[in-house]
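Note sheet for the following structure.
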Amino acid sequence: MIIFQNVTKIYKMDDHETVAVEDINLHIHQKEFVSMVGKSGAGKSTLIKLLTGEEKPTKGKVSFGSYNVNKLKPNELPFLRRKMGVIFQDFRLLPNKNAYENVAFALEVAGRTQQEIMEFVPQALEMVGLKDKMRNFPRELSGGEKQRVAIARAMINHPDVIIADEPTGNLDPVNTWEILKLLLKINELGTTVILTTHNKDIVNSINKRVISVEDGRIIRDEEEGKYILV
């Protein structure tokens, strides 16, 4: 489903170069749950940007299903990204739209009808346990509630993969586990999940595949089992 073949990304800045990731070979299968771990600056975010087409590799090939991501033109990228749902640490909700409108906006961008929006948005908010908060604005929601709205928004177009980039970084332990349970539920329903995190307790509780990134390289790829971060 997702394949990185000999992928290297070098950023050129003024008179020097920075190697963000180097010679990455990676295959993520459909319906997998993968935790990608590593310290800040290890290369996790670069790998995500290469997958979503935000960055192009200096060398190698990134594939997502039938898409050769690095060959896509700017006007083709939206079609790729509709097959992906992305969740961020800082939620990225629109402050002047309520929970319903934030989720509906993703459908509007995709060109869905008003009837579809009225049907699908309440279903998505119910799935994340926020049907009673659909008229609340982000400023009226807790951190955990904001992240659940972000998950509903990411899921609304039924993507093939959910990319959760440090989704619990701003949450307390209780809300962290609630978000984790939601991601596992989404995975059980058939969606591939890629979770980036540096929280060893999260990684060890999932008991699924763990990919460790250090200095731009994959240093371990554990199919399943507990893994203690160092």
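The values are calculated or read from the model by the stated rules, or taken from the named source; none is laboratory data. Because the structure is a prediction, the values reported are computed rather than measured. As a convention, Cβ positions derive from the backbone with ideal geometry for all residues, glycine included, and neighbour counts pool all protein chains shown.
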Requested in this report: Restricting attention to segment 110-120, report how many residues are of a type in the set (A, V, I, L, M) and over 19 Å from the mean Cα position of the chain (by Cα).
Outcome: 2
**Report entry** Residue identified as hydrophobic (A, V, I, L, M, F, W, C), surrounded by fewer than 20 Cβ atoms within 10 Å (Cβ to Cβ) and out of contact with any Gly (no Cβ under 9 Å at 6 or more places or on another chain) among Leu130, Leu189
**Finding:** Leu189
**Report entry** Hits in segment 44-56 (condition: surrounded by fewer than 21 Cβ atoms within 10 Å (Cβ to Cβ) and under 12 Å from Phe4 (Cβ atoms))
**Finding:** Ile48
Requested in this report: Kindly provide the set of residues from segment 104-129 that are over 21 Å from Gly190 (Cα atoms) and hydrophobic (A, V, I, L, M, F, W, C), ordered by number.
Outcome: Ala104, Phe105, Val109, Ala110, Ile117, Met118
Query raised in the report: So, in segment 89-99, of the ones that are under 19 Å from Pro159 (Cα atoms) and crowded, with 17+ Cβ neighbours inside 10 Å, which residue ends up nearest to the chain's Cα centre (by Cα)?
Result: Phe91
Requested in this report: Please determine, by comparing only the residues of segment 104-128 that are of a type in the set (Gly, Ala, Ser) and at pLDDT below 95, which one is farthest from Leu182 (Cα to Cα).
Outcome: Gly111
Query raised in the report: Mind checking which residues of segment 9-22 are over 22 Å from the mean Cα position of the chain (by Cα) and touching a residue at least 12 places away in the same chain (Cβ under 8 Å)?
Result: Ile10, Val19
